[in-house]
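Colleague: Starting off with a structure, shown below.
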Amino acid sequence: MRRLEGISKLSGRERYVDDLPCDGALWGMTVRSPSPRGRIRSIEFGPGVEWSQFVVVDHRDIPGPNEVFLIERDQPVLASDYVRHMHEPILLIAHEDRAMCRAAVKQIRIIIDEQPAALDYRVLPASDQVQRGQDNVLKTLKIEKGDVEHALAEAAHVVEGVYETGAQEHIYIENQGMLAWVEQGVVVTQGSMQCPYYVVNALKHALARDESQVRVIQAPTGGGFGGKEDYPSHLALHAALLALKANRPVKMIYDRSEDMAATTKRHPAQVRHRTGFDASGKLVAQAIDVVMDGGAYVTLSPVVLSRGIIHAAGPYACDNVRIAGRAMLTNAVPFGAFRGFGAPQTLFALERHMDVCAETLGIDPIDLRRMNLIRDGQETATGQVINDGADRERVLDLATKHIELPERREQHATFNITHPFLRRGIGLAMFFHGAGFTGSGEVALQSRVRVAGLKDGRIEVLASSTEMGQGTLTVFTKIAAERLGIDPSQVLIATPDTARVPNSGPTVASRTSMVVGRLVERACDALLEQAGLSRDARGERVQQAIRAWHVAHPNAQLSSEATYERPPGVQWDDNTYRGDAYGTYAWAAYAAEVEVDLRTFTARVIDFVAVQDVGKVLHETLARGQIQGGVVQAIGWALLEECVWERGGMKNCQLTNYIIPTSDDVPPIRVYWMQTPYAHGAQGAKGIGELPMDGPGPAIANAIANAIGVEANVLPLTPERLMQMMDGAHV
Amino acid sequence: MLVQEPNSIPLAGATDVLVHWPAHLDAHAKTYLDLSGLDDLRHISWNQEALTLGARTTYWDVIQDEQCHQEFPLLQHAARQVGAVQIQSRGTWAGNIVNASPAADGVPVLMAYDAVVVLQSTAGTEEVPLNEFYMGYKQMRRRTDQLVVAIRLPRRSYAVQVFEKVGARRAQAITKVGLAMTRSSVGWRVVASAVAPTIRRCPSVERLLEQDAPVCSPDDLAEAFATDTQPIDDIRSTSAYRARVLARVAFHALQSQAPGRS
Ligand SMILES: Cc1cc2nc3c(=O)[nH]c(=O)nc-3n(C[C@H](O)[C@H](O)[C@H](O)COP(=O)(O)OP(=O)(O)OC[C@H]3O[C@@H](n4cnc5c(N)ncnc54)[C@H](O)[C@@H]3O)c2cc1C
């Protein structure tokens, strides 16, 4: 089945928010903080601008609480008297002419009485940098099982290590953008987003309106990767405030530079491992400390930290585990959701550390992993018993087989002593990724999907899950068509418009195909019953019955809904952090071959193998695209993408200076599947979207360590950083 | 027109001038002189002594020219590494010179081939060796009433020809360190980019090579490069990296292209 919207995207006919007609709209722009922390002393509107022609909004124009509704309410929609990070929005202005609006923004001076900013999340703040509690800690979380200290004391070997990863910018192709207007008293916003109902909640709260007075429509979205999870709530509020004040439609489209400077990024993280092994190499204790930079407001940091620590001990069996997680408030632009959501950071540390341990113990890194891999019947760090029938050892073996590990190691040994300046190495990472919301999250979401049978016999699927390039439209179509045994052309997917679609939850956490896809199936089943058919009815019979139903019930609507139900036996305790953290996990082993150029200290990935068990693969092309795209994004994070910071803001916020991979920086990415079905996912599918972000970082770092013998424990491994690491090492 | 409006800005491929157009609002009020009608300025011509590139000659024009490839292979090496095809087909060598970026890729190879910039105004023609064209960061020996009309390269036979561009990725990247090196009957030319306010020759390194001093490791070149360049820390790299890599790239290039040299 072809990708449904593929042709319109390829041919440029797809209309993104910036392409949508919006008659009489004003351009809206944002005036931002020039400082990381301080009190706003004054705001000066410069000369030479006809200010009366502008609509200007500040915090006083917010009808409800000046809070962006999310986990906590600490973040203002617009700063009132105090700023906590660079680029924090303070004022909004709008004008018919985009260039005049842009020029006017530059004529507004914000004067700040600066206060000492906390800019390094790795160290505790000085007293004058404290802004939350006693120590700027935003959130702590802990997982504990067994007796770690005792086990470490008894262990034959204890290996320690510190690992660090940097921020990462999403670089969705389409920048953030939003339209807002008021239609018969209803505030409508339309734009690029992942989670329409998050925007609804934010609008309801700060605009003091009930749900019937706000409406959110997703426009075709050019990529999200988590960057359009919470941020569109801000933009929608901004556009709505301007539209309400101007009494005209308002369009806000960020340019690349503003987008990179002002929106969220991946949390920087530092992870410490202290690991005990018995004499044979069996894991006996894992003590892990995770610290993340949350930035200036809470935003999603508690849940990013949560996923981070749950993945921190990896796919291994160990009786004594203690994982302590801490997210710190700093005066950096708030960090947010990004594909993997904390897991890539902790899995980098873990899987890099496994190689360090293997070297210390004198065991082959593959053998060390195989020996400790979790087996059916054993428990994860949170005490979740794994019993899914997936053959994890085979996942690992396939990766070593496809990368031809023994043969290449031998070739490299010769190559590395004969080539004047190139060095090759190979590295592997074994990992897992929990799909869906963590713990009781899916139960709390109560996601709903509706399926309607139309007069002409076609089917319409209504959900708030969004297409953002990953293939939701195609996969939902395929799931519904196959469930009912009808042609995909007979299935429509409704535009996520909160006036029409039920809340199927946010499009995040690799949950759409697996969790929401399953709801599509169940809603299809219910529709069959509604149409007077048995659940196994398929094909033309189904469509005939739907048409007949409409004849019998003129002017009525045939539709049915499915609501999420907790799979039987799944238990989670939020207080103790024990139980079934996720409904299921995808398992994977990734292997990278790298070549390091000693002239320029540049590492390049020259071959890549990705083996994974993701349950049923629903659409091979799309799934392969997810894996390959994720690997490319992770190659960028591992080798190229460095945010250069200045006072907690990104200095290199242009695509010329923030370097993402081009096709020439990417090796062949060879994707292999194992398909152990998951009973509660659509057709047996598990989530796959985030998985490929987890493995490449450590596999590449391990390969670099293997090639040139450096402690490649910090990402990104830019040439400058590799040079520093190699200083001292003989090259 | 350049006489009447001395501050007007010539536009060739506009790949430098227009990059920041939407954000640089003050650029909108300036006067621009579109050179696209001047077909006489777009040519690749040869005589006994020299190759002449017209001022509107693009990278792509040179990439497609077989004789350029034979006699001045570094022009193609460099051209292939400027942006991607879109930029190669619009961007001009003269625009690269006058834009005067210390990280330009066209300039170093031209300089290593002893190129001469031909300037013209209503007052007449003036020729400035490219090597003497830059006086400081974005400062050059070109009066605002002068157009670059051509770039002339003397024809010689070369024993060594090297161009190395070190960017942050393999394509579509601004140079962090660049090197062009030639050896001909007139001697060595060593040109470094992105390690000084302007692209420049490295006289100490050239002297060292002329004297046939032994070069057994990058360290043997590093000191001379340090005399000739002033690399800085900036958003794209560090001065330490630039210095180290320049010497290493030069060393390995010498090893492969002139192994029997020392
Ligand atoms: C995406 C992208 C990638 C790029 N990659 C590279 C790269 O890899 N390497 C690199 O070196 N450059 C790169 N550039 C920069 C640019 O393409 C080159 O510098 C190019 O050679 C400029 O030529 P142009 O004809 O477009 O110059 P223009 O933009 O037209 O002009 C540049 C300057 O030269 C002046 N000028 C032009 N012609 C004349 C003339 N005849 N007489 C007097 N003054 C003149 C102009 O007034 C202006 O000041 C890149 C640019 C972009 C947008």
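Colleague: Stretch A:ASP487-A:SER52 to full length: gain in nm at 0.36 nm per residue minus the Cα-Cα span? Write down the numbers at each step before the final one.
Modeller: Working: separation 435, 0.36 × 435 = 156.60 nm, distance 5.80 nm.
Value of the extension gain: 150.8 nm.
Colleague: Let me ask something else. Roughly how crowded by other chains is peptide B:167-176, in terms of the mean Cβ count from those chains within 10 Å of each of its Cβ atoms?
Modeller: Working: counts 3, 13, 11, 8, 4, 7, 6, 3, 0, 3.
For this peptide, the per-residue mean of nearby foreign Cβ atoms is 6.
Colleague: With 19 Å as the cut-off, how large is the P(r) tail for segment A:11-64, expressed as percent of Cα-Cα pairs? Numbers along the way, then the final one.
Modeller: On the way: 806 of 1431 pairs.
When all Cα pairs of segment A:11-64 are counted, 56 percent exceed 19 Å.
Colleague: Each residue of segment B:253-258 in order: what ³J(HN,Hα) in whole Hz does its phi give by Karplus 6.51 cos²θ - 1.76 cosθ + 1.60, θ = phi - 60°, with x for Gly and Pro?
Modeller: Once rounded to whole Hz, the list reads 5, 5, 4, 8, 9, 9.
Colleague: Still on this structure: Report the relative contact order of chain A, percent, no decimals, based on alpha-carbon pairs under 8 angstrom and at least 6 residues apart.
Modeller: On the way: 1826 pairs, mean separation 111.2, N = 731.
So the answer I get is 15 percent.
Colleague: Report the full-extension gain for the segment B:ALA27 to B:SER45: residue separation times 0.36 nm, less the Cα-Cα distance, to one decimal in nm.
Modeller: Details: separation 18, 0.36 × 18 = 6.48 nm, distance 3.50 nm.
Between B:ALA27 and B:SER45, full extension yields 3.0 nm more.
Colleague: How much length, in nm to one decimal, is gained on full extension between B:SER217 and B:GLU66, taken as 0.36 nm per residue of separation minus their Cα-Cα distance?
Modeller: Working: separation 151, 0.36 × 151 = 54.36 nm, distance 3.62 nm.
Extra length available between B:SER217 and B:GLU66 comes to 50.7 nm.
Colleague: If you rank B:LEU130, A:LEU244 by fewest surrounding Cβ atoms within 10 Å, what's the result? The partial results should precede the final answer.
Modeller: Details: B:LEU130 24, A:LEU244 20.
Going from least to most buried by this count: A:LEU244, B:LEU130.
Colleague: State whether segment B:112-183 is rounded, prolate or oblate according to the following rule on the C-alpha gyration tensor (a ≥ b ≥ c being the square roots of its eigenvalues): a/c under 1.5 gives rounded; otherwise a/b larger than b/c gives prolate, and the remaining case gives oblate.
Modeller: On the way: a/c = 2.74, a/b = 1.50, b/c = 1.83.
Judged from the Cα gyration tensor, segment B:112-183 comes out oblate (a/c at least 1.5, b/c at or above a/b).
Colleague: Okay, helix-only estimate at 222 nm for chain B: each DSSP H run of n ≥ 4 adds -39500 (n - 2.57), divide by all residues, round to 500 deg cm²/dmol; what do you get?
Modeller: Details: 9 runs with 76 residues, N = 262.
The helix-only estimate for chain B comes to -8000 deg cm²/dmol at 222 nm.
Colleague: OK, next. How large is the helix-only mean residue ellipticity at 222 nm for chain A, computed as the sum of -39500 (n - 2.57) over DSSP H runs with n ≥ 4, divided by its residue count, in deg cm²/dmol to the nearest 500? Write down the numbers at each step before the final one.
Modeller: Values: 19 runs with 205 residues, N = 731.
It comes out at -8500 deg cm²/dmol, rounded to the nearest 500.
Colleague: Average partner chain C-beta neighbours within 10 Å, per residue of A:654-660? Walk me through the numbers on the way to the answer.
Modeller: Numbers: counts 4, 1, 7, 6, 2, 7, 2.
Mean partner shielding for this stretch: 4.
Colleague: Taking the number of other C-beta atoms within 10 Å as the exposure measure, put B:THR198, A:THR474, A:THR418 in order starting with the fewest. If you can, show how the numbers build up before the last one.
Modeller: Details: B:THR198 18, A:THR474 22, A:THR418 8.
The fewest-first ordering by Cβ neighbours comes to A:THR418, B:THR198, A:THR474.
Colleague: If you don't mind, there's one more thing I want to ask. Given Cα positions, please report Rg to Rh for segment B:124-262, the hydrodynamic radius being the Kirkwood one. Present the calculation step by step, with values, prior to reporting the outcome.
Modeller: Working: Rg = 16.0 Å, Rh = 16.2 Å.
Using Cα coordinates only, the ratio equals 0.99.
Colleague: Still on this model: Which FRET efficiency, nearest 0.05, do A:ARG2 and A:ASP536 yield, Cβ-Cβ r, R0 25 Å? Let's see the in-between values first.
Modeller: Details: r = 28 Å, r/R0 = 1.13.
That pair, A:ARG2 with A:ASP536, gives E of 0.35.
Colleague: For A:ILE112, which sequence-distant residues (separation of 5 or more, or a different chain) have an amide H within less than 5 Å of its own amide H, given hydrogens modelled in the peptide plane?
Modeller: A:ARG41
Colleague: When DSSP beta bridges are limited to those with both residues in the protein assembly as shown, what percentage is antiparallel, rounded to the nearest 5? Don't skip to the answer; put the middle values down first.
Modeller: Working: 137 of 166 bridges.
Looking only at bridges with both residues in the protein assembly as shown, the antiparallel portion is about 85 percent.
Colleague: Bin width 5 Å, alpha-carbon pairs only: give the P(r) of segment A:447-563 as whole percents, running from 0 to the bin holding the largest distance.
Modeller: With a bin width of 5 Å, the distribution comes to 2, 13, 25, 25, 18, 10, 4, 1, 0.
Colleague: Rank these for me by crowding, A:SER42, B:SER101, going from fewest to most other beta carbons within 10 Å. Let's see the in-between values first.
Modeller: Details: A:SER42 9, B:SER101 19.
Sorted ascending by nearby Cβ count, the order is A:SER42, B:SER101.
Colleague: Shifting gears a bit: Which residues does the label zone of B:ASP34 cover in segment B:1-24, counting backbone N under 15 Å from a point 7 Å along Cα→Cβ?
Modeller: Those under the cut-off are B:9-15, B:18.
Colleague: Averaged over its residues, how many other protein chain Cβ atoms are within 10 Å of peptide B:228-236's Cβ atoms?
Modeller: On the way: counts 0, 0, 0, 0, 0, 1, 3, 9, 6.
What the average comes to for B:228-236 is 2.
Colleague: Taking chain B, how much of its Cα-Cα pair set, in percent, is spaced more than 28 angstrom apart? Walk me through the intermediate numbers first.
Modeller: Numbers: 11307 of 34191 pairs.
Everything past 28 Å amounts to 33 percent.
Colleague: Could you give the nm distance between label points at A:LEU20 and A:LYS401, where each point is 7 Å from its Cα heading toward the beta carbon?
Modeller: 5.0 nm
Colleague: Next question. Can you give me the P(r) profile for segment A:442-504? Cα pairs, bins 10 angstrom wide beginning at 0, each as a whole percent.
Modeller: Pairs per bin, as whole percents: 22, 52, 24, 2.
Colleague: Which shape class applies to segment A:340-468: rounded if a/c is under 1.5, otherwise prolate when a/b exceeds b/c and oblate if not, where a ≥ b ≥ c are the square roots of the Cα gyration tensor eigenvalues?
Modeller: Values: a/c = 2.83, a/b = 1.97, b/c = 1.43.
Prolate, because a/c is 1.5 or more and a/b exceeds b/c.
Colleague: Once you have all Cα-Cα distances for the protein assembly as shown, histogram them in 10 Å bins from zero and send the whole-percent values.
Modeller: 2, 10, 18, 21, 20, 16, 9, 3, 1, 0, 0
Colleague: Among the listed pairs A:LYS9/A:LYS265; A:LYS228/A:LYS265; A:LYS265/A:LYS651; A:LYS616/A:LYS686; A:LYS106/A:LYS245, which are separated by more than 18 Å between their Cα atoms?
Modeller: Values: A:LYS9/A:LYS265 26 Å; A:LYS228/A:LYS265 11 Å; A:LYS265/A:LYS651 14 Å; A:LYS616/A:LYS686 7 Å; A:LYS106/A:LYS245 22 Å.
As for pairs spanning more than 18 Å Cα to Cα, those are A:LYS9/A:LYS265; A:LYS106/A:LYS245.
Colleague: Oh, and also: How many nm separate the modelled label positions at A:GLN213 and A:ASP456, each set 7 Å beyond the Cα in the direction of the Cβ?
Modeller: The answer from the label model is 3.9 nm.
Throughout, read-outs are computed from the coordinates displayed, never taken from laboratory work. Computed from a prediction, not measured in an experiment: that's the story for all the values here. Counting neighbours? That spans all protein chains shown, and the Cβs are built from the backbone with ideal geometry, glycine included.
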